[in-house]
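Have a look at the structure below, then the notes.
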Amino acid sequence: MLPRLLRSINCCLQTHVLPGRQHLCTGTRQPCHTYRYRHHWNYSAQRSVCTCICRICATENVSFTMEKVSFGSSGAVGYEAGPKDSPAVVVLQEWWGVNDIIKEHAHLIADAGGFRVLIPDLYKGKVGVDKEEASHLMNNLDFKAAVAELTDAVVYLRSTGSPKVGVVGFCMGGALTFAAAQHAGVDCAAPFYGIPDPAICDPAAIKVPVQAHFGELDTMKGFSDPASIQKVVDSMKAAGAPVELFMYEKSGHAFMNALTEKGRAKIKGGIRCSGPRQGL
C-alpha cells in the first residue's frame, strides 16, 4: 500500500483530469488542464464540495464531496470520502486546521489513488486565518488526546470496511503522523516536514513502514530542517525501524502546498506554515 500511497500524494495537477460537463474550450468532457478548484460547504447535504473550474471556459464540474462524520466514543468529527471498502488514508492537517488546502490534498489522494480518505477535525471546526490564530490553535491542542482521536479514526475506518489504513500529514500533521505510526494502529505512514515531540512519540519505536518527506531548504530548526530529520531517521534505522527518507532539492517547508490552488496563493503571498516546536 505504501508505494501506491506515495504515488498518489505526489501526483501532479497537470495530469489530474476530472470528467464532468462538456467544456466549450475542448468540446469534450475533459478540461484543458488549466483549471482551479473551489471549495464550499453544502449546508443542506452537510457535505464539503470541491468544484473543478476550467480556467478557459469556466465550466464547473462538481467532482468531489466530503461527508461530515463522527467516530469514536468521544464523538470526534471528521470529513470522509471514497468507497467504504477501499484502503483508507487518514489525512492530517497543518497548523491552520481543516481548510481548503488539506481538503484538496485529500481530494488528490482519493481521486488519483482510489482511496477512501478521512480528515479528522482536530480543531473542532476552528480554522486559523493568520499565523497568530494558527499558532494559538496549535499551542492549545491537547496532542495526546489528538493521538487518541487518530486511533479512534483508524478503528472507525477498519470497522466500516477498509482493509488497510495509512496516514499522511503535513507540518503539524506530519509530526502527528509519526505519533500515529507508533500508537494508532496504522499499516504505514508518510509524514511531511514535521518531527514529533518526544512526549507523544518515540520514532525509534515505530514498527510499521514510514516514508518521510522533507525539503533540503527547510529552515525550521528542530522541527523539520534536514539535520533534525536525519538525526531522527538515523535513530530509527539503528533501532531497526522500517524507514525511508526522501529529501527534495530546492524545496523549503510546506512544499506540497504547491500542488493545490489555495496553497499556491499562500505561497505567492509569502505565507508559510511556521510556529514554535513546543507542544508538537
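We did not get these values from a lab; they are worked out from the coordinates using the rules stated. Not measured: the values here are computed from a predicted model. Here Cβ is always computed from backbone atoms with ideal geometry, including for glycine, and neighbour counts include all displayed protein chains.
With Cα atoms defining each centre, segment 217-236 and segment 164-184 are spaced 17 Å apart in the structure. For segment 175-241, the spread of Cα positions along the three principal axes, ordered from largest to smallest, is 32, 22, 21 Å.
Distances between placed amide hydrogens fall under 5 Å for L92 paired with V168, G169, F170, all partners being 5 or more residues away or on another chain. Starting from the Cα of K68, draw a straight line to each of the lysines and keep only those under 30 Å, dropping any in the same chain fewer than 8 residues away. Hits, sequence-local ones excluded: K84, K103, K124, K126, K131, K144, K164, K262, K266.
With all pairs of different C-alpha atoms in the average, the Kirkwood value for the hydrodynamic radius of segment 57-165 is 14.5 Å.
With both labels modelled 7 Å from their Cα along Cα-to-Cβ, the A239 to D197 distance reads 1.8 nm.
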